[in-house]
Amino acid sequence: MNIDEISNVLIVGAGAMGQQIGFQCAMSGYNVTLYDVETKYLDNAMKRIVHLSDAFVKHGRLSSEAAQAAVGRIRCTSDPADAAKNADFISESVPEDPELKARVFAQFNELCPSHTIFTTNTSTLMPSMFAEATGRPDRFAAFHFHDIQVTQVVDIMPHPGTSPETVATIQAFAERIGQIAILLQKENIGYVFNAMLTELLRAAQALASNAVASVEDVDRAWMGIMHTPSGPFGIMDSIGLDTVWKVTDYWAQKRKDPLALNNAAFMKRYVAAGRLGIKTGQGFYRYPKPAFMESGFLEGRIAPEVSAEINLKAS
């Protein structure tokens, strides 16, 4: 598949990352199809994409005309056959479950043209875990995005069966959509940045779950020393606590790691309470005005939020 032959991009999964990837591709002139299993997810996704486009205009990154044109290049469907029929390039962002991803790719392998390149946006899994299920392992690799509002860095991680031609095409595609590609020489859980971030979040969870320090104090320590706008628990809220819990629990169960199992149990309490982070208005902090954004947070002058309630009740 030559880069110049790619016109139609299929986004499988209309969650937060699927929305961002779809908008990035549409901004770069590609026709984008956004697929999810239910229309309600697609309706919500389009509302959030319009909000995202407005933010790009507000911050001077796009003209209003360009933003409108980008949104106009995105269509939605809950019909997999309709979604797949003209796809040249797939970006998948379904939940972090290797069996689910395998089923989704197997389904689309039956529906997509033979030339379609398949990519996964998985954050912590390795493409070899479900490469064979794609039915086209030579045309499959991980192509991972971070938040497009704050960075242009993407990760490209082939598995041992990915062809050099596929890697080259994905690299060229990344350049076409204005991204800086980090090419991994071999598979690694969490790519580069996420491998480092995972260790930070793991340590933060352990400090709070073992009652060494409060959520707020863990964040204050990180923010005060590293001079970042949020700490690890604020980062987890932005990722989505359901996603963080699924990833933590998956590897905890697989490795039977006592520390990770304890961390997963700690995270599950928030998920069970429906406190998933920014997307639900409450996670470790309340949104849209979390305590860590208030003046006086670093000095400890802001009253602790309700983040500690679940932890204390379970202790």
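Derivation of every value follows stated rules applied to the coordinates shown; laboratory data play no part. Nothing here was measured: the structure is a model prediction, and the numbers come from that model. Virtual Cβ from ideal backbone geometry, glycine too; neighbours counted across all protein chains shown.
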C-alpha long axis of helix 16-27 to longest principal axis of the chain, angle in °:
40 degrees
With each label point set 7 Å from Cα along the Cα-Cβ vector, what nm distance links residue 203 and residue 168?
4.2 nm
Select from the range 19-69 those trypsin sites (Lys or Arg not before Pro) which occupy a DSSP coil region and have at most 15 other Cβ atoms within 10 Å, ordered by residue number.
61
In nm, spacing of pseudo-spin labels at residue 69 and residue 221 (7 Å Cα→C-beta vector)
5.1 nm
If you keep only loop residues by DSSP, which trypsin sites (Lys or Arg not before Pro) in the range 92-199 have at most 12 other Cβ atoms within 10 Å of their Cβ?
186
How far apart, in nm, are the 7 Å Cα→Cβ label points at residue 262 and residue 61?
3.9 nm
Over the Cα atoms, compute the radius of gyration (one decimal) and Dmax (the largest Cα-Cα distance, rounded to a whole number) for the chain, in Å.
20.0, 60
Checking rank on 234-245, 62-73, with mean other Cβ inside 10 Å and highest first, the result is 234-245, 62-73
Give me the count of lysine pairs in the range 193-309 whose alpha carbons sit under 19 angstrom apart, restricted to pairs 8 or more positions apart or on different chains.
8
Please compute the length gained on full extension between residue 47 and residue 4, using 0.36 nm multiplied by the number of residues separating them and subtracting their Cα-Cα distance.
12.4 nm
log₁₀ of I(q)/I(0) at q = 0.13, 0.19, 0.22, 0.24 Å⁻¹ - the range 193-309, Debye sum with one point per alpha carbon
-0.45, -0.98, -1.31, -1.53
